[in-house]
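K.L.:
Sending over a structure as structure tokens; questions will come in a sec.
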Amino acid sequence: MRVLVSGQAAAALSLEAPRQLFFLDEEPVAAPSGGDAFRLFDGCVDLQEIDVPSDDVATALERAWAVDRALRIFLFLLDPQEPEEELHGYAECIEDLITTYDLASVIVERMSTEQFPVMVEVKRVQLASDKFPRVLELFNKILGLQGHIVKVQNAFANVSEAFFDSEVDKANLLGDLKAEGVFSEFAIALQQGNDISFTKLKAANRHLAYREAIAQWTAMLQSGSTRLPRNKNNGRDDLSDDELAWETDEDLQRPSSYGAYQYVRAEQVEIVQLLKLRELGAARAKTDTLVDRQRVNSTAEQIAKTLSLLAQQAKLQDIPELQLEWSERATLENPADPRTFGHFADALITVGRLAEAEAALDGAERAGGRLFAECGRARILSLLSHYEQARNKYLEVAREFDDLPGVEYAWSGAADVLKDMGRLDEAIAEYQGLTNRWPLSSQLWNGLAFVLIEAGRLDEAVLTFGKSSAQRPNIFAAVGRASAFRLSGRLTEALRLYDEAIENYPNNHFALCGRAEVFRVKGQHQLALAAFDLAAARSPFVAEPLVGRAAALTDLGSLREARTLYESVIERFPHDLAAPIGLIRVLIRMGDLETALRKSDALIARHPFLASAKTLRAQILNAQGFGDAALVALDVVTAHHPHNAGVATAKASLLISMGRSKEAASLLPDMRPKTQSDWARYLLRALVLQSANGPGAAALKLEWAIANCPFFSQRRKFRDALVSLELNRGRWRDARRVVERAPTETSDVMALHAYAASHRSGAARTMLEKIKASEPSARIIELATEIARRTKLIDEAPLHPNRWIGEAERRVILLEAA
Amino acid sequence: MASDPCTKCGSDVPLSSAECPVCSRQQSFPNVRMAERASEVAALAARIQQAEVSAAGLGLTEILGQFVAATGRSQAVMNRSLGALSGWLSSSNPLFLSFFRQREQGRPPDGSEWDEQRLAAEAAINPYCYTELNYAALTLDGSGMPYYGPYSVVLKEITIEDRASIFEENPFIFNKNHHVIAGSTPPLGYRTSWARRGELCGAKLHGKLTAQMKAPDFAPILMERKGSESDCDFVEVHIYGPVNRVGIASVRGVAPKRAGDRIIWKQAVGALKKLGATVEEVS
């Protein structure tokens, strides 16, 4: 029998004839027809539709009532506003209900869907439940779940809105998942370190329409900070003895010290686990306790070492707020140790507080750590783009302290500056020398690998990161390897590696942003936005997640929103370079070339080695109609950055637009494309081929690229070029088919032209409206309007000759290709 | 869509809106405006006139006058189960939401056929604002309809008088009796404003008055209870918007027998007293 039952109302209503109403402790009565009976349940939140045998309705009602009352009274027990003298009675009644009706697991399940609604006075509740073991056990169990409930809630809140029709739709799914027990199963599984795959599968099967939303939700739980390591010992394995054995042999030989060491080591492992879970309050509290206990039998030096070590762990886990806090405390505990100041300065530099970092470096120098101090100062100079000064400082200090342990960091700093200056071959050579001298240094292998990435030598970079990991598994090598795969278009492998990295370093913004970037280049914009949001939530002190989000918004065409976000990032992170570059790109797309030019000039003034800014400036000049000036500007950049692929591509694009295709061809080596830059050059080669061998050969090349390019934005450019090419040779229907095969991979203006030329007036008008609504640049508006005029979509005479549209499209394609 | 003129600029204001789309002047609540439409007022006036004629013919003019005056001072009562009352009093949200608003916020189960049955009846009577309405009944003695729950919650007049309209009876019964089906318009003259509730009561119930009746006899005329049976007769109050628990004037209910319920009731009594509401426990 189908029955509506509510324990809150203490009533049930049969939905099958003869309709009856059941009240607790009363005989059933006939229910009215129509909907009147349902008013009985107004205000009740526990209404359920269930199937029960007709003679079991009373039992089901009784149980529903008991659940409601037990939950309700349990909440009274938690409420600090309730009179203390009542609590004992509450606990007694709950004990009776959960014993009589065997409700403990139900209560845990229900209480696992929301955090405690009030601030709970734990001791008061435990005291009141002291004589009621089931209640006490229940309370303690639910208390332990609170952190996990928050995580599950937050993860769901972070699921992209794009999967839902509305906020209500999302809220309804959440309600269903809670009612079905999925939510609580996740919270409980996380608490117990169990796998959530089966629950995920059940939920996804039950809510097929929301399968992707559930996948995103659980991905955040699995790969993020909310998941405990697969093996509970993982945390211990993560920390090598080198990292934890902070005491000297002398310390350990002291009576009773070994026991203290063991205790400290175990506590540190626990704290690192809390950092991974981003349980910052708990990590902070545990550290305080550890330090307090160390005060009993340890020296200030040892306490400072503990704090420094934990600060370094916080850094590895991308939690700069604790890195900063603990490293500062270390300097207060032991002002005589230059390393504590070095770590503090490192933390300050990480969060962009450069002036304070200078002061901390002075402290390091006063304590005898000139090597630390000078390296820190060189790093600051490098961040401010004073590359020559930075390199000189690194080299001076490296030479001065060449026989000291740790000097390799000064040498690697000097090599890194070469990379920043675009002198990649020199940087590679220097790093190779350093890895020969210190072959066991994973940091130096990583440094070399990152330069190789910059030089586009991705396969070598992967191998080099492997050498780094062989010395000691580390997050930088893991993420670097993933990035090399991502850049070379091996997106599935990259995603897997990022997920693995996040498993152990759930707050690492390089890994989180890299993962988001994979979604972005695959064209999964909403997933990318959600992933960047997750990164921003876990790493709120760095610019990368916000810059990534702005880039994803740009991809989506939300240019105003992207511009606003970039501007806010620039204000908040004045030393970040990706944000101003992104802003200039957005301004170009918006057609605000004057502002773009002003911004690029200002950026170049501050960062004269920034090739990307100079390249963009040349593109702006070209877009403004100053092609010759743009070419000169690019030649200047090429002189400084001869190996920069982006500059060469921009120059080739410019030359093609100037009709100098043969010169362009010399800048476009014919090689199998891998990276986004390679694919950009491939497009330009197709356009050169079009000029030389005609459209047929170019079309074949473009079709191959569309089928094989793993990068969404590049595929869109290929598709645009192919549409334009087919339209120019009068194959309108073929052009439309290219659009229709992947509408989201074609730009709006090309789709407009294909639809309009092939007499799909309705689709063309829709596209025209869409273009106007998106507030694109004047160039795009002019092109779209002329297409509309020429194809009689609007009642205006064309303003340009017939070939103008094709040329304008080609200009747009070339500009984007660069 | 039906509309009436703005009280300030005279522009048409749809009955679904509480604000003039032209000058933004706040209008009266949609259900009240619907009840105060000239056509409704005229139709109710005709019913009252009929009642007065009948009462005069039966020599009950004075009694009818007393009944209209008494019911003109009646109160709105909502009946609730103990669990629903406790939820209202102890929730972080002090508002009692309408059924449809609650459904929007995820009240399970949602969108079922039985919800639609309810929607059909209520939307037929208040097509422009049924999603916003909470329901109560008129009472003269502080007791409500136990069929909807054993606890009678009387609301403070000041919190509802501007936004409440009065309707003849339970809409499920009204629709049946007046053959109101989907798409048809309910007959006129069966609704009024809070201020004129006595007139509607007189028009509806004059036939039940007798010459011997005194004031205390009016309560069971206004609300005819038949235990927990569903065909009890009452005059319905439609309250636009959520009802805040601060608006509770009094609660009357039985002392529960089960231990779990006794705790809930005791806690509810404490909460009600904190709100300044009176509580009457009946056996």
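K.L.:
What residues qualify as long-range amide H neighbours of B:VAL254, i.e. H under 5 Å apart, gap of 5 or more or another chain, H built at 1.01 Å from N?
P.N.:
B:VAL282
K.L.:
Taking 2.2 N^0.38 Å as the expected size of a compact globular protein, what ratio does the Cα radius of gyration of the stretch A:85-145 give against it, to two decimals? Write out the running numbers ahead of the final one.
P.N.:
Numbers: Rg = 11.1 Å, N = 61, 2.2 N^0.38 = 10.5 Å.
This ratio for the stretch A:85-145 stands at 1.05.
K.L.:
Compare the peptides A:726-737, A:545-556, A:477-488, A:791-802 by average per-residue count of other Cβ atoms within 10 angstrom and give them in order, highest first.
P.N.:
Values: A:726-737: 18.2, A:545-556: 23.7, A:477-488: 25.3, A:791-802: 12.2.
Descending packing order for the listed peptides: A:477-488, A:545-556, A:726-737, A:791-802.
K.L.:
Compute and list, largest first, the equivalent-ellipsoid semi-axes of the protein assembly as shown from the alpha carbon gyration tensor, each √(5λ) rounded to a whole angstrom.
P.N.:
Each semi-axis is the square root of five times an eigenvalue, giving 67, 44, 24 Å.
K.L.:
Further question: With θ set to phi - 60° and the Karplus curve 6.51 cos²θ - 1.76 cosθ + 1.60, what are the ³J(HN,Hα) couplings of the stretch A:422-427 in order, to the nearest whole Hz, using x for Gly and Pro?
P.N.:
My calculation for the stretch A:422-427 gives x, 8, 5, 4, 5, 4 Hz in order.
K.L.:
Let me ask you something else. Of the beta bridges DSSP finds with both residues in the protein assembly as shown, what % are antiparallel, to the nearest 5? Kindly include the intermediate steps, with their values, before the conclusion.
P.N.:
Numbers: 43 of 48 bridges.
The answer is about 90 percent antiparallel.
K.L.:
To continue, here is another question. What is the set of long-range amide H partners of B:LEU133 at a cut-off below 5 Å, with H atoms built 1.01 Å from backbone N?
P.N.:
Result for B:LEU133 returns B:GLY241.
K.L.:
Along the stretch A:634-645, what does the Karplus equation 6.51 cos²θ - 1.76 cosθ + 1.60 (θ = phi - 60°) give for ³J(HN,Hα), rounded to whole Hz, x for Gly and Pro?
P.N.:
Computed from phi, the couplings for the stretch A:634-645 are 5, 4, 4, 5, 4, 4, 7, 10, x, 9, 6, 5 Hz.
K.L.:
Name the residue farthest towards the positive end of the dipole of the protein assembly as shown from the options A:ALA187, A:ALA157, B:ILE166, assuming +1 on Cβ of Lys and Arg, -1 on Cβ of Asp and Glu, about the Cα centre.
P.N.:
Comparing the listed Cα positions along the dipole, A:ALA157 ranks first.
K.L.:
For A:TYR431, B:TYR151, what ranking results if the residue with the fewest other Cβ atoms within 10 Å of its Cβ goes first?
P.N.:
On the way: A:TYR431 26, B:TYR151 23.
Going from least to most buried by this count: B:TYR151, A:TYR431.
K.L.:
Moving to a separate point now. At 222 nm, what helix-only mean residue ellipticity would chain A give, in deg cm²/dmol to the nearest 500, using -39500 (n - 2.57) for each DSSP H run of four or more?
P.N.:
-22500 deg cm²/dmol
K.L.:
Hey, another quick one. Just the Cα atoms of the stretch B:1-94, one point each, no solvent: what log10 I(q)/I(0) does Debye give at q = 0.16, 0.21, 0.23 Å⁻¹?
P.N.:
Cα-only, vacuum Debye calculation for the stretch B:1-94: -0.89, -0.96, -1.04.
K.L.:
Could you work out the pair-distance distribution P(r) of the stretch A:697-793 from its alpha-carbon pairs, with 5 angstrom bin width and percents rounded to whole numbers?
P.N.:
2, 15, 26, 25, 18, 10, 4, 0
K.L.:
Cα extents of the stretch A:536-641 along the three principal axes, largest first, in whole Å?
P.N.:
Answer, in whole Å and largest first: 46, 27, 18 Å.
K.L.:
For the stretch B:134-179, rounded, prolate or oblate, judged on the Cα gyration tensor with a ≥ b ≥ c (square roots of eigenvalues), a/c < 1.5 rounded, else prolate if a/b > b/c?
P.N.:
oblate
K.L.:
How large are Rg and Dmax for the stretch B:189-283 when calculated on the C-alpha trace, in angstrom?
P.N.:
So, for the stretch B:189-283, Rg and Dmax equal 17.3, 48 Å respectively.
K.L.:
I need to check one value: relative contact order of the stretch B:218-283, counting alpha carbon pairs closer than 8 Å and at least 6 residues apart, in percent.
P.N.:
30 percent
K.L.:
Something else about it: Restricting to Cα pairs below 8 Å that are 6+ residues apart, what does the relative contact order work out to for chain A? Please round to a whole percent.
P.N.:
6 percent
K.L.:
Okay, next question. Rounded, prolate or oblate: which fits the stretch A:348-469 when a ≥ b ≥ c are the square roots of the eigenvalues of the alpha-carbon gyration tensor, with rounded for a/c under 1.5 and prolate only if a/b beats b/c?
P.N.:
prolate
K.L.:
What is the distance in Å between the Cα centres of the stretch A:421-450 and the stretch B:131-189?
P.N.:
82 Å
K.L.:
Would you mind giving the mean number of other chain beta-carbons within 10 Å of the Cβ of each residue in B:82-93, as a whole number?
P.N.:
Working: counts 7, 16, 10, 2, 8, 7, 1, 0, 7, 4, 2, 0.
Shielding by partners across B:82-93 averages 5.
K.L.:
Mind checking which lysines have their Cα closer than 22 Å to the Cα of B:LYS208? Skip sequence neighbours fewer than 8 apart in that chain.
P.N.:
By straight Cα distance, B:LYS208 reaches B:LYS176, B:LYS226.
K.L.:
Using modelled backbone amide H atoms (1.01 Å from N, in-plane), which distant-in-sequence or interchain residues come within less than 5 Å of B:GLU19's amide H?
P.N.:
Distant-sequence amide H within range of B:GLU19: B:GLN27.
K.L.:
Mind running the shape call on the stretch A:646-693? Use the C-alpha gyration tensor, a ≥ b ≥ c as the square roots of the eigenvalues: rounded below 1.5 for a/c, prolate if a/b tops b/c, oblate otherwise.
P.N.:
In terms of gyration-tensor shape, oblate.
Here, each number is a calculation from the coordinates, and none is a lab measurement. Just so it is clear, the structure is predicted and the values come from calculations on it, not from any experiment. Note that we place each Cβ from the backbone using ideal geometry, even for glycine, and neighbour counts take in every protein chain shown.
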